[in-house]
Amino acid sequence: MNSQLNDTILDVRDLRMYFPVTMGLLRRKVADVKAVDGVTFKLKRGETLGLVGESGCGKTTVGRCIIRLYQPTGGQILFEGEDITSLPEEKIRNLRSKMALIFQDPYSSLDPRQNAGNIVGEPLIIHSMVKNQSEYRNRVEELLRIVGLDPSMKDRFPHEFSGGQRQRIGVARALACEPSVIICDEPISALDVSIQAQVINLLEQLQEGLKGLSYLFIAHDLSVVRHISDRVAVMYLGRIVEITDSQMLYKNPLHPYTKALLSAIPIADPFVEETRERIILKGEVPSPLNPPPGCSFHPRCFQAIPECSQSIPPLHEVNEGHEVACIRV
Amino acid sequence: MTQGFEVYSNGEEQTMSTLLEVKNLATQFHTEGGVVKAVDGVSYHIDEQEIIGLVGESGCGKSVSQLSVMQLISSPGKIVGGEIIFEDQNLLKYEANGAKMRSIRGAKIAMIFQEPMTSLNPVLTIGRQLTETLELHLGMNGETARTRAIELLSLVGIPSGENRINNYPHQFSGGMRQRVMIAMAISCNPRILIADEPTTALDVTTQAQLLELMKAMVERFHASLIIVTHNLGVVARYAQRIYIMYAGRIVEAGTTKDIFANPRHPYTIGLLKCIPRLDEEKGRKLVPIEGLPPNLINMKATCAFAPRCSTGSKRCSTDPWPPLTHIGNQHYVGCFLNDEEKKSELSA
């Protein structure tokens, strides 16, 4: 959108996260679940990157690796130019004041025994962002106001709020340390349709107000992801299969999985629906424990050729800023 | 509580005959906090071989209205009024657990539930669960029922049915379990299939598979389908007519094209403006519906949407909930705004 977009804030290179599968008394490792297997992308300052895919594709794991809730098995994560892949435990806390996470479920991600003010204020104390009591109080009230809650609600407990209000508390908590990146992990999928738009608009307003705030927006709903994101990465079984700007994604999807995913989502307009092509995929997403050889999408792909099972197609640039991992493209 | 409601089955030219007609249905839950009018004077109908959509947010009474048709409402809930006419008989005259209702429930009117994880019995094989229905309603026995069950499994796209029939629900994925549910629902050749949020818990590509399957099945069995959902996209794709529900009432009804091209109730208009569309242009702003859905306990008699409505008039907070009025070809809306527009049109 503007010049500050060129500044890369987060650089993820060949990220891999394998979870061991253990068996028996000695917890022998028998296999790996390759939840994330070679994911590469860049997030620019002030940008929103959408990460979309079906359950089990590894999108949440990517988010958790970046904020170092998991120790990645391989690859590199550069945040503001600094390699944070193997940052020691004591430095991670400092990192998390610059990166925040908004969780999916506003019902279980807020401590039921803390009031809203304490939930929002806790990061301020942990990261020593405030000097004294009055500064703390002012900042908490300001944060609640920013997310559209009445500051007088700060003494209420999570159960006294509605789902949408709780998610606003979650957003306020994420904003507390003035982070430069917020990882939003399915932030609206637990909310009612008419409430979802309120939270989406709040996130958009925040980004307009706080220049340079970047979002990594993780969700399964492609229409929501497309709405909020500047660029979208589509994931399938631990890998990015296509990454491009959100307009191109709808106008010119290239990967067969992206095409199928787009056509599987009904558009709320019967006149558009009448003429839309429908690609109905066969089968289901294979287990990441035992992925098919070669391109992991080929058993379900309607454009597959025998070569697809030979090797894993790398992500390659087809147009400027449009990368696809498919040998048929 | 159910008065002042126009029932609109007559006068319309219908090519197909009406299969199910619900008139002024009211279901209430008596709780410690007060009376919850989950369904409050709901009327709708479905024709033969028709697909209709019932759309609303959680808690608007869309599921309860369908469970009422099946008489699956348990205490503290109670169906307190209305008629459910199916094959010229009022189903509400039958006792919920009586022989007559049992011969209809699951056989002539079948239901597919939201949670394929919890709506199958975990300790019985899916074969047992499938043959149970066949034995009960169609009087099949042993081997015949088993053969039919295998046929049904292949019909809904579960390969090697003869092996899978001995499996337990946990051995199936979510999508496969929902296929089993569909097989059970169609097993007795129902006239009506009620799908209550059938794909909400599933992945997008699986959702598309199952909706196509359901459509194919109702076409094959010449049945009608009621899709209960919060997803406007799903109804836009599949339904011929739509009912929009809010706080226990139907606020707008019409053909799918009318509802989307010419929505008249402020709630319907609001819903369409607040959802992101896959094909939208860059920079489109969502217009959220401010406020929250109402608490259904001890509700006032006035329009429940009024507090969130941007176009409301004075009448909205004083007069009782506006009845559904006919505004053109099968299009009905329950809002004073349209009355006033009509009046101004007439006087003009």
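Derivation of every value follows stated rules applied to the coordinates shown; laboratory data play no part. Please read all numbers here as calculations on a predicted model, not as lab measurements. Every residue, glycine among them, receives a Cβ derived from its backbone with ideal geometry; neighbour counts consider all protein chains shown.
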Distance (nanometres) between label positions extended 7 Å along Cα→Cβ at A:ARG278 and B:LEU272: 2.2
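Starting from the Cα gyration tensor of the stretch B:22-105, take the square roots of the eigenvalues, sort them a ≥ b ≥ c, and report rounded, prolate or oblate (rounded when a/c is under 1.5, otherwise prolate if a/b is larger than b/c, else oblate). Spell out each step's value before the answer.
Working: a/c = 2.00, a/b = 1.22, b/c = 1.64.
Since a/c reaches 1.5 but b/c is at least a/b, the shape of the stretch B:22-105 is classed as oblate.
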Förster radius 45 Å - calculated FRET efficiency between A:LEU69 and B:HIS30, Cβ distance, rounded to 0.05: 0.45
Volume of the Cα convex hull of chain A, divided per residue and given in Å³: 165
Separation of alpha-carbon centers, the stretch A:141-200 and the stretch A:42-78, rounded to whole Å: 22
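About the Cα centre of the stretch B:222-339, how large is the charge dipole given +1 on each Lys and Arg Cβ and -1 on each Asp and Glu Cβ? Please answer in debye to the nearest 20. Mind showing how you got there, number by number?
Working: 14 positive and 8 negative charges, 28 e Å.
About 140 debye.
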Rg/Rh ratio calculated on Cα atoms of the stretch A:181-329 (Kirkwood radius): 0.99
Förster radius 41 Å - calculated FRET efficiency between A:LEU25 and A:GLN76 (Cβ-Cβ, nearest 0.05): 0.70
B:LYS78/B:LYS314 FRET efficiency (R0 30 Å; Cβ-Cβ; nearest 0.05): 0.25
Inter-label distance, nm, simple model (7 Å from Cα along the C-beta direction), B:ARG220/B:THR255: 3.0
Peptide B:224-231 - average C-beta neighbours from other chains (10 Å radius): 1
3J(HN,Hα) from dihedral phi, the stretch A:270-278, Karplus parametrisation 6.51/-1.76/1.60, rounded to Hz, x for glycine, proline: x, 6, 6, 4, 3, 9, 6, 6, 10
P(r) weight above 15 Å for the stretch B:114-165, C-alpha pairs, percent: 47
Shielding of B:288-296 by partner chains, average beta-carbon count, 10 Å: 4
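Give me the net charge of A:ILE280's neighbourhood, meaning all other residues with Cβ under 15 Å from the Cβ of A:ILE280; Lys, Arg count +1, Asp, Glu -1. Can you show the working numbers first?
Numbers: positive: A:LYS259, A:ARG276, A:ARG278, A:LYS282, A:ARG300, B:ARG179, B:LYS215, B:ARG237; negative: A:GLU54, A:GLU273, A:GLU277, A:GLU284, B:ASP203, B:GLU212.
The answer is +2.
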Burial ordering of A:LYS98, A:LYS131, fewest other beta-carbon atoms within 10 Å first: A:LYS131, A:LYS98
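With viscosity set to 1.002 mPa s at 20 °C, what whole-number translational diffusion coefficient in µm²/s follows for the protein assembly as shown from Stokes-Einstein and a Kirkwood radius over Cα pairs? Numbers along the way, then the final one.
Values: Rh = 27.3 Å.
Translational D for this selection: 79 µm²/s.
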Candidates A:ARG231, A:ARG173, A:ARG300: whichever shows maximal mean-square fluctuation once chain A is modelled as a Gaussian network with Cα springs under 10 Å: A:ARG300
Antiparallel bridge percentage (DSSP; both residues within chain A; nearest 5): 65
Helix A:133-146 vs. chain A, principal-axis angle (Cα, 0 to 90°, nearest 10): 50
Electrostatic dipole magnitude of chain A [Cβ: Lys, Arg +1; Asp, Glu -1; Cα centre; debye, to 20]: 780
Label-zone membership for the stretch B:56-84, site B:ILE297, 7 angstrom Cα→C-beta point, backbone N under 18 Å: B:59-61, B:76-78
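What does the net charge come to around B:ALA149 if you take all other residues with beta carbon closer than 14 Å to its beta carbon, with K and R at +1 and D and E at -1? Intermediate results must be reported in sequence, preceding the final value.
Working: positive: B:ARG128, B:ARG146, B:ARG148, B:ARG164, B:ARG179; negative: B:GLU132, B:GLU135, B:GLU143, B:GLU151, B:GLU162.
Result for the local shell: 0.
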Within the stretch B:235-304: Cβ-based charge dipole about Cα centre, in debye rounded to nearest 20 (Lys, Arg +1; Asp, Glu -1): 40
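Fewest Cβ neighbours within 10 Å first, please rank B:GLU143, B:GLU57 accordingly. Each step should come with its number before you reach the end.
On the way: B:GLU143 8, B:GLU57 19.
If I rank by nearby Cβ atoms, fewest first, I get B:GLU143, B:GLU57.
Which net charge results for the neighbourhood of A:LEU49, defined as the other residues with beta-carbon distances under 11 angstrom from its beta-carbon, given Lys and Arg at +1 and Asp and Glu at -1? Write down the numbers at each step before the final one.
Values: positive: A:LYS42, A:LYS44, A:ARG231; negative: A:GLU47, A:ASP230, A:ASP245.
In short, 0.
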Neighbour-count ranking [beta-carbon atoms within 10 angstrom, fewest first] of A:ASP185, A:ASP245, A:ASP155: A:ASP155, A:ASP245, A:ASP185
